[in-house]
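The structure appears right after this line, and notes come after that.
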Amino acid sequence: MPIPKWTVSMLFLAVVTMTGCGSATPRATASSAAKSEPLVEVATVTVSGKPETILVNRAGDTLYYFVSDQPDRQACTGACQALWLPLKASAAPAAVAGVPGHFSLFRGQVEYNGHLLYTYRGDFGPHELHGQGVQGLWFVATPSLPPLAGSSGSGW
């Protein structure tokens, strides 16, 4: 009596799963993929009725800054970070074409011209801007964002 094809497929899948696949070709890890892709990019979107170049992460998610953050104090902590997700990295992003400012890190969070960068949980796809102007404190990060007063823009 022949063995059904689905039984052979299931047996093969079980063996591969238990042996860890044994592939000789290394897979890209998150860190190696991150090195080949820019962490921050630019995109052109409509902000308040006019075209604007903004900063986005590699997934196209809009990046924001919080006006209450200070050079010596991060204001968005605890529950705030449940809605406003810090853009984290192990190293400061490289320079981005068309972006004249300076990227650096503060405690593992990316900052641009001294402003810490965040994504907003209320944005559900690339280039959405639902966080723009929230409470008059959260704004889209643009390449023209001036340095935060009192910061060197190179890590607080």
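The values are calculated or read from the model by the stated rules, or taken from the named source; none is laboratory data. Just so we're clear, the structure is a prediction, and the values are computed from it rather than from any experiment. Positions of Cβ are generated from backbone atoms using ideal geometry, with glycine treated the same way; all protein chains shown enter the neighbour counts.
From Ser90, Ser104, Ser154, which residue is part of a strand (DSSP E or B), at pLDDT below 95 and under 17 Å from Val40 (Cα atoms)?
Just one listed residue meets the conditions, Ser104.
Just the residues that are in contact with a strand residue (DSSP E or B) (Cβ under 6 Å, 6 or more places away or on another chain) and of a type outside the set (A, V, I, L, M, F, W, C), please, taken from the range 75-87.
Selection gives Pro86 alone.
Please verify whether Ala149 is farther than 16 Å from Pro38 by Cβ and part of a loop (DSSP other than H, G, I, E, B), treating the condition exactly as stated.
yes
Take the range 38-80 and flag every residue that is surrounded by 11 or more Cβ atoms within 10 Å (Cβ to Cβ), at pLDDT below 90 and in a loop (DSSP other than H, G, I, E, B).
Pro38, Pro71
Looking at the range 120-129, can you tell me whether even one residue there is hydroxyl-bearing (Ser, Thr, Tyr) and modelled with pLDDT of 95 or more?
Yes, some residue in the range 120-129 is hydroxyl-bearing (Ser, Thr, Tyr) and modelled with pLDDT of 95 or more.
Note down all Cβ pairs under 9 Å where the first residue falls in the range 75-88 and is free of Cβ contacts under 8 Å to residues at least 24 places away in the same chain, the second is of a type outside the set (S, T, N, Q) and not in a strand (DSSP E or B), and they're at least six residues apart or on different chains.
Going by the 9 Å Cβ cut-off, the qualifying pairs are Ala75/Val67; Ala75/Asp69; Ala75/Leu137; Lys88/Gly108.
Working only within the range 108-152, note down all residues that are on the phi > 0 side of the Ramachandran plot and in contact with a strand residue (DSSP E or B) (Cβ under 9 Å, 6 or more places away or on another chain).
Correct list: Gly108, Asn113, Gly114, His127, Gly133, Gly150.
May I ask you to list the residues in the range 112-143 that are touching a residue at least 40 places away in the same chain (Cβ under 8 Å) and of a type in the set (S, T, N, Q)?
Asn113, Thr119, Gln132, Thr142
Within the range 99-111, how many residues are of a type in the set (D, E, K, R) and free of Cβ contacts under 8 Å to residues at least 40 places away in the same chain?
Adding up the residues that qualify gives 1.
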